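Here is the structure we will look at, set down as C-alpha cells.
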Amino acid sequence: MEIEVRQPTESERETFSGYPVWTCEPSQFPWTYSSTEQCLVIEGEVTVATESGEVSFGPGDLVTFPAGLSCTWTVSKAVKKYYTFLD
C-alpha cells in the first residue's frame, strides 16, 4: 500500500475547496484508514511513517491514503487540509 503525493490539477483544487477542512496542532499519533482518503494540504508539514518508509508533504500537495493503510502521523507544523473519502 503506497501513499501517493502529487500536485493537483486546477480542477482538483477547485473541487477540493468545497470539501470539509480538518486541522491538527503539532503532534504524533497512529492512524488506520478504513476508506481511501484524498486530501489537499492548505498549510502545515506532515511526515507519515508506514511499514515501507516515510512520506512527507505540505502546502499544495494532493495526498491519497489507500484503504487499509496503518501508519503514524507526525505533524511538525500545524496542518490544515481539505479532505474526502473515495469509497
Given just the C-alpha atoms of region 4-85, how large is their convex hull per residue in cubic angstrom?
78 Å³
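Find out how many positive minus negative residues lie around Thr64, taking Lys and Arg as positive, Asp and Glu as negative, among other residues whose Cβ is under 14 Å from that of Thr64.
-4
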Sorted by average packing, counted as other Cβ atoms within 10 angstrom per residue and highest first, what order do 4-12, 71-79, 46-54 take?
71-79, 46-54, 4-12
With Cβ to Cβ distances under 13 Å as the rule, what net charge do the other residues near Val21 carry (K, R +1; D, E -1)?
+1
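Read-outs throughout are calculated quantities, based only on the coordinates presented, and are distinct from any laboratory measurement. Quick caveat, the model's predicted, so the values are computed rather than measured. Because the Cβ atoms are built from the backbone with ideal geometry, glycine has one as well, and the counts that use them run over all protein chains shown.
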